[in-house]
Each structure stands twice: as C-alpha cells, then as structure tokens.
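Here's the structure, in structure tokens; my notes come after.
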Amino acid sequence: MNVLVVGSGGREHALAWKIASSERVNRVFVAPGNAGTATECNDIENVPISELDFPALIKFAKQNKVGLTVVGPETPLCAGIVDAFNTEQLRIFGPDKSAAQLEGSKSFCKEILRRGSVPTASYNVFTGGDEAISFLQNRDIPLVIKADGLAAGKGVFVCNNKNESMEAVMRIKKRREFGNAGDKIIFEEKLDGEEVSIMAITDGKTILTLQPAQDHKAAYDDDKGPNTGGMGAYSPAPVVDSKMLQWIEERILVPTVYTMNNNNTPFKGVLYAGLMITKQGPKVLEFNVRFGDPECQPILMRLQSDIVEIFEAVIDGQLDKINMPKWDERIAVCVVMASKGYPDEYKKGEEIRGLKDAANLPNTKIFHAGTVIKESKPDQITGNIETQILTNGGRVLGITALGETIADAKLAAYSAVKKIRWDGAWCRKDISDKANKHFKAANN
Ligand code: AMP
Ligand code: GLY
C-alpha cells in the first residue's frame with residue numbers, strides 16, 4: 001500500500017519513518033515534507049503540495065494509489081481535510097472538521113469538558129472586549145487568558161495581575177493580533193503543577209492510550225522565557241504512574257470520547273490531552289486532535305508495533321480487534337535544536353553541518369523539522385550537483401536518542417547535538433531533567 005503523510009515538521013518526519021517500517025507499506029509520500037523526509041530512504045518521497053491544498057492532495061492520492069492518508073498538523077484537520085477525503089471515498093486517519101473543534105475552539109472544548117464532568121480549570125467565555133474588561137475590574141488575580149481559535153500556540157497568556165490581564169485582552173480583542181481566532185476570549189483559573197501530555201488513539205469506541213510524554217514548552221532552561229511549540233520531550237514520563245494513567249483514562253479520556261459521541265461530533269484519531277498534574281489531581285489544560293510535536297518523536301522511537309495496523313483499525317472502527325501496542329522499555333529523549341531568535345523572528349537559510357556524523361551514533365535518530373534541501377547548479381565540467389541542507393524554520397531538528405536510564409538517553413541525545421552546527425543554532429540544556437526527581441522517588 002502507498003501512504004501519504006500530510007505536513008512538514010519533526011512529527012511528520014517521525015510518522016513517515018515509522019510508517020515506512022511497516023510491512024504493509026510500499027511507498028510513503030510526504031506533502032510537502034522537509035529535507036529529512038527527502039533523504040530518509042528510497043521508500044519515502046516528498047511531494048510539493050501544501051497541507052491546505054485539498055484538491056491537489058486528493059488528486060495526488062487518486063493518481064498514486066494512496067491507500068491511507070495520515071495528517072500531522074491541526075490546521076488541515078480543523079479546515080476539514082478528513083471530510084474532503086471521505087467525500088472522495090479516500091481512506092484518511094484523523095478527526096473530521098466537527099470533531100477537530102476540540103482543538104480549533106477552546107470554548108467548544110471547555111463546553112465538552114463541562115458536560116463530561118472532566119476536571120479542568122474553571123472559566124468564563126466572552127465575546128465582546130468591553131465585557132471582558134469589565135469582568136477584570138474587580139479581579140486582581142492570576143488568570144490565563146486565551147484566544148478561542150487556532151493561533152499557532154501563541155494565543156495563550158499566563159497573567160499574574162490585572163495589568164497583565166488587561167494587556168492580554170487588548171492584544172486579543174482590541175488589536176486583534178490573532179484575527180478571527182480572537183472572536184471569543186476565554187478566562188481561566190491559573191493552575192499550578194507539572195504538565196504532561198497523554199496521547200490516545202481512538203475510533204470513538206475503543207481507546208488505546210499511548211505512553212506518557214513530557215514536553216518543554218518554555219524557550220529557556222528551568223522553564224524560563226516565552227512559550228514555544230516545544231523545545232524537547234521525553235517518554236515515558238514518570239510524573240504519571242500506571243495508577244494515575246488509569247485514572248486519566250477513566251476520568252478524562254473516556255468521558256471526553258463519550259461526550260463527543262453524544263454531541264454528534266464523534267472523535268476518531270489522536271486525542272492529545274495536555275494535562276496539569278495539580279495537588280487535586282490531573283486537570284485538562286487543552287485537547288489537541290493530533291500527535292504532539294515533539295512528543296511524537298520519542299513516543300514513535302519507542303513504539304515497536306505496526307502503526308499502520310493501528311491507523312487502519314481506527315478507520316474501520318475495529319480498534320478493539322488489535323493487540324495492545326508493544327513498547328521499547330528504554331527511555332527516549334528528544335532535544336529540539338532551534339534557529340537564533342526563535343520563538344520570535346529568526347533567520348532561515350543557514351547551512352547545517354555534521355548531520356551524518358550525528359546520525360551514525362548508536363540508538364540515535366535525527367528528525368528534521370524546519371529544513372530544506374538546496375541543490376547547486378550542475379558543475380559545468382563534471383555535471384555533478386552538490387546538495388546542502390539548510391535551516392528553514394524556527395524549530396530545525398529533533399535529536400532523539402534511546403537509553404537504559406534517563407541519564408543515558410540524555411547523554412546520547414546531547415552527544416549527537418554536539419556534532420551538529422549552524423550559525424545561531426541553540427537548544428535547551430536541561431531536557432528530561434524534570435524526570436529525575438520522579439525516577440529517584442520511584443526507586444527509593
Ligand atoms: P494551551 O494551548 O491551552 O495548552 O496553553 C499553552 C500553555 O499555557 C500550557 O502548556 C500551559 O503551560 C499554559 N496554560 C494554559 N492553561 C493554563 C491554566 N489554566 N493554568 C496554568 N497554565 C496554563
Ligand atoms: N508540543 C505541544 C503540541 O504539540 O501542541
């Protein structure tokens with residue numbers, strides 16, 4: 001079978017790599033992909049179609065006998081790619097447009113959580129900016145203020161006092177920095193604790209929970225600095241033990257899937273719960289409707305089962321028929337290397353060196369995110385073409401390594417990082433350190 005992966009980040013490189021390892025798969029196409037998917041192996045090929053050009057993607061899938069399409073990012077899911085493919089009788093893994101609202105509208109998500117009695121921060125939703133401002137008049141308390149719609153992870157403000165809250169309202173409602181995504185504004189109680197990502201795959205009837213992972217959303221060490229898409233991740237995440245994972249399934253995942261069915265917006269695909277482990281227990285910060293990036297990279301490095309079998313079972317509504325997934329017991333750590341200036345403005349087009357040396361290290365995989373191939377003009381005498389790999393985004397690479405202990409995995413990942421360089425490359429130095437206190441506590 002041929003498979004089409006839609007997207008161009010580190011998550012999509014990891015998905016294409018894992019899908020290509022399936023015995024059921026002949027070729028994997030990635031639209032539009034990156035330099036990593038272009039150079040991974042002969043079975044994987046990039047196709048220059050944007051993730052939002054549904055007619056071109058459908059035409060390509062038909063012409064190339066694509067038997068399964070897997071969508072990485074939220075934007076095409078929220079724009080209805082699954083509905084468009086289904087209309088053409090093409091098999092595609094992911095939620096349809098109505099179910100993708102769980103990520104595409106934070107007020108929709110909160111309403112589902114409320115109806116399902118799922119633990120989450122208390123909240124208020126406002127449509128008018130003036131209403132929101134008058135709500136703030138008598139409240140000088142910490143609040144988290146969010147634009148309702150998709151804002152590439154930038155529409156959330158953790159505010160410590162009234163002034164900060166006012167500024168967030170101005171940015172969302174008055175200056176309309178997030179456009180229509182700010183039509184509604186959500187005020188949430190600020191929760192304290194440690195964050196964890198729990199991803200589950202569901203066909204709307206059966207839920208298959210993947211191993212927990214922990215992201216590092218802040219740009220700098222010790223969780224300082226602005227929020228990013230994620231500067232690194234590791235799995236498993238010992239902040240969630242098996243008892244807590246069961247509680248999360250029963251109190252968070254099951255009621256969410258059940259309420260989505262009752263709402264006539266049944267959910268099929270990856271249900272990603274961003275959770276805060278508070279003193280009162282886990283509470284939902286957000287739902288995403290796709291794999292986390294970079295959480296997907298360490299999770300897929302550890303998944304030993306055939307992921308294509310799982311995707312197909314979801315499409316067929318037969319997830320109850322397949323075996324539980326098998327996991328590598330080792331720990332995987334993924335360190336994101338970023339461009340200078342990220343998450344604000346950054347420069348593209350820097351040549352990346354050292355990739356081959358790093359890729360030769362044992363138990364290590366270099367997943368590309370914002371990278372592109374540049375080919376020179378053919379040499380006038382030899383006809384040879386030289387290729388370079390250049391930076392093409394804020395998050396550039398996800399260096400992922402397996403180890404028997406968290407220390408081994410961290411060391412292996414950072415050893416590979418040291419071999420790679422470009423002008424302005426940087427990364428956090430403390431990815432996975434949060435796990436240490438939990439591993440120590442569990443072993444005492
Ligand atoms: P979201 O996109 O809703 O997950 O928010 C992005 C980030 O903002 C989360 O990963 C948290 O670090 C933080 N955040 C969101 N909601 C809350 C909340 N209610 N309390 C504390 N932090 C939050
Ligand atoms: N790493 C966070 C996300 O994928 O939303």
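The values are calculated or read from the model by the stated rules, or taken from the named source; none is laboratory data. Note that this is a predicted model, so its numbers are computed, not measured. Every residue, glycine among them, receives a Cβ derived from its backbone with ideal geometry; neighbour counts consider all protein chains shown. For the accessible areas, the whole protein counts, side chains as well, though only heavy atoms, and no ligand, DNA or RNA atoms are used. Shrake-Rupley method; radii C 1.70, N 1.55, O 1.52, S 1.80 Å.
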Query raised in the report: Do we find a residue being away from ligand 1 (no atom under 16 Å from the Cβ) and among the polar types (S, T, N, Q) anywhere in segment 278-296?
Result: no
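Of all the residues that make up segment 151-190, how many are hydrophobic (A, V, I, L, M, F, W, C), within 14 Å of ligand 1 (Cβ to nearest atom) and surrounded by fewer than 21 Cβ atoms within 10 Å (Cβ to Cβ)?
Start the filter on segment 151-190 by keeping residues that are hydrophobic (A, V, I, L, M, F, W, C), which leaves 151-152, 156-159, 166, 168-170, 172, 178, 181, 185-187.
Still in the running and within 14 Å of ligand 1 (Cβ to nearest atom): 151-152, 156-159, 168, 172, 178, 181, 185-187.
This time we only want the ones that are surrounded by fewer than 21 Cβ atoms within 10 Å (Cβ to Cβ), so: 151-152, 156-159.
Selection size over segment 151-190: 6.
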Report summary line: Expected single match for touching a residue at least 12 places away in the same chain (Cβ under 8 Å), over 14 Å from residue 431 (Cβ atoms) and within 16 Å of ligand 2 (Cβ to nearest atom) among 255, 236, 226 is 226
Report summary line: Expected output for segment 277-292 (first residue within 24 Å of residue 147 (Cβ to Cβ), partner among the acidic types (Asp, Glu) and away from ligand 2 (no atom under 16 Å from the Cβ), Cβ below 9 Å, 6+ apart or cross-chain) is 278/192; 285/188
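Which one of these is acidic (Asp, Glu), touching an Asp or Glu at 6+ places or on another chain (Cβ under 8 Å) and closer than 21 Å to residue 302 by Cβ: 23, 12, 40?
Going through 23, 12, 40 in turn, just one is acidic (Asp, Glu), touching an Asp or Glu at 6+ places or on another chain (Cβ under 8 Å) and closer than 21 Å to residue 302 by Cβ: 23.
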Query raised in the report: Which condition number in (1) within 10 Å of ligand 2 (Cβ to nearest atom); (2) of a type outside the set (Phe, Trp, Tyr); (3) at positive phi is the one that residue 295 fails?
Result: (3)
Query raised in the report: If you go through segment 191-202 one residue at a time, how many are more than 7 Å from ligand 1 (Cβ to nearest atom), assigned to a strand (DSSP E or B) and open to solvent by 10 Å² or more (accessible area, probe 1.4 Å)?
Result: 1
